[in-house]
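Single-structure report; data block below.
The values are calculated or read from the model by the stated rules, or taken from the named source; none is laboratory data. Values in this document were obtained by computation on a predicted structure and should not be read as measured data. Counting neighbours? That spans all protein chains shown, and the Cβs are built from the backbone with ideal geometry, glycine included.
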Amino acid sequence: MDSDHQFILDCQKKIFSGIKLTEEELVGLINVSGTELVTLSESANKITRTFQGNKVDVEQLANIKKNYCSEDCSFCGQSAFFNTGVDSYQLLPADQIVQMAKKAKDEGAESYCLVAAWRESSGSDFEKICEIISQINEQVGISIECSLGFLTLEQAKQLKALGVHRYNHNLETARSKFAEICTTHTYQDRIDTLHIARRAGLELCTGGIIGLGETREQRLELISDLAKLEPEEVTINLLVPIPGTPLEIQAPLSFEEILRTFAVTRFAVPKSIIKISGGREVHLQDAGEELLLSGANGIISSGYLTIGGNEMTRDLEMIKKINLEA
């Protein structure tokens, strides 16, 4: 038997025994031979089914405030630093966001995430968002998540009091890569924000974007940092290069590298939701089927922040096709 094959099975056995894998073991997993990728995928799927069952978490999001962001994240079409031609708008009216949430629930979404493109929300904008959340709670009744940039502890506590379920704040990339991707804030700023959300009692959703030009080792570095945070949800985006951004000509990752990343993430966070996020419809010919059988157990449907996505009905059919449940 190939040594990589047995190594994968030994790591799987440790996970089932409640033993956290070491950094060295994660390095070994992400570097298994190409001939053993099927074994890695199957093993990650067994871990997913054991801890998560057959349920796929389906989420929709609302880009409630688009463009004019003060940060220079080099992948982002909403940064004020780049001329990307992305349409822009300030904070949407409450009734429009409530209607969008109703539509998401009617289509079968389990959760709805309110996303705003800014470094942090001003006092007045934050109060408007709190009112929007109250109206969604009263009129819709869907699990609400938020992604509003940097937070104070008081703001985080307000969100928790309103019943916000989970707070999203991505690490984006490895600590060692971060300064190449963003200069207007630090990696530690992002870590600190997640700690604030946790202190307020919010569940955590965090992750990053792969395909930014990082190495395989840096992808593992990101995975390891995510695991240390013990998030309830990990979201992995596949870079879609936006014209006008510094990464507009970045070459895409191979599917093999994408699969390695998702499968090893499952070994690192066996009890977390792992969500295939932006870019799956662009880079994955099957829109995520294989990854949902290789460690992932969640998707975002019906579009993202600046790019479109599959219709909800198509995604629900895809999930049913592979004998999973939405």
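Take T183 and tell me if it is out of contact with any helix residue (DSSP H, G or I) (no Cβ under 6 Å at 6 or more places or on another chain) and surrounded by fewer than 20 Cβ atoms within 10 Å (Cβ to Cβ).
For T183, the condition - out of contact with any helix residue (DSSP H, G or I) (no Cβ under 6 Å at 6 or more places or on another chain) and surrounded by fewer than 20 Cβ atoms within 10 Å (Cβ to Cβ) - is met.
Per the listing N237, N310, the residue uniquely touching an Asp or Glu at 6+ places or on another chain (Cβ under 8 Å) and surrounded by 17 or more Cβ atoms within 10 Å (Cβ to Cβ) is N310. Just one of the numbered conditions (1) crowded, with 20+ Cβ neighbours inside 10 Å; (2) at pLDDT 95 or above; (3) in a helix (DSSP H, G or I) is not true of A104: (2). Against the conditions (1) closer than 27 Å to G278 by Cα; (2) surrounded by 15 or more Cβ atoms within 10 Å (Cβ to Cβ); (3) touching a residue at least 24 places away in the same chain (Cβ under 8 Å), L21 satisfies every one except (1).
If the condition is being hydrophobic (A, V, I, L, M, F, W, C) and either under 15 Å from P231 (Cβ atoms) or without any contact (Cβ under 8 Å) to a residue 12 or more places away in the chain (or both), then segment 165-193 contributes L171, F178, A179, I191. Test of understanding: among Q99, Q155, which residue is part of a helix (DSSP H, G or I) and either among the acidic types (D, E) or touching a Ser or Thr at 6+ places or on another chain (Cβ under 8 Å) (or both)? None of the other options fit; the residue is Q155. Whether any residue in segment 46-58 is closer than 24 Å to I129 by Cβ and crowded, with 20+ Cβ neighbours inside 10 Å is what I want to check. Looking for residues that are closer than 24 Å to I129 by Cβ and crowded, with 20+ Cβ neighbours inside 10 Å, one finds at least one in segment 46-58, hence yes. Note on segment 51-82: residues that are of a type outside the set (S, T, N, Q), outside any loop (DSSP other than H, G, I, E, B) and more than 23 Å from D106 (Cβ to Cβ) total 4.
Scanning segment 225-262 for residues being within 15 Å of the chain's Cα centre (by Cα) and assigned to a helix (DSSP H, G or I) gives a total of 7. Listed by first and then second residue, the pairs linking a residue in segment 297-319 that is at positive phi to a residue that is assigned to a loop (DSSP other than H, G, I, E, B) and at pLDDT 75 or above, with Cβ atoms under 7 Å apart and 6 or more places separating them unless they lie on different chains, are S302/E311.
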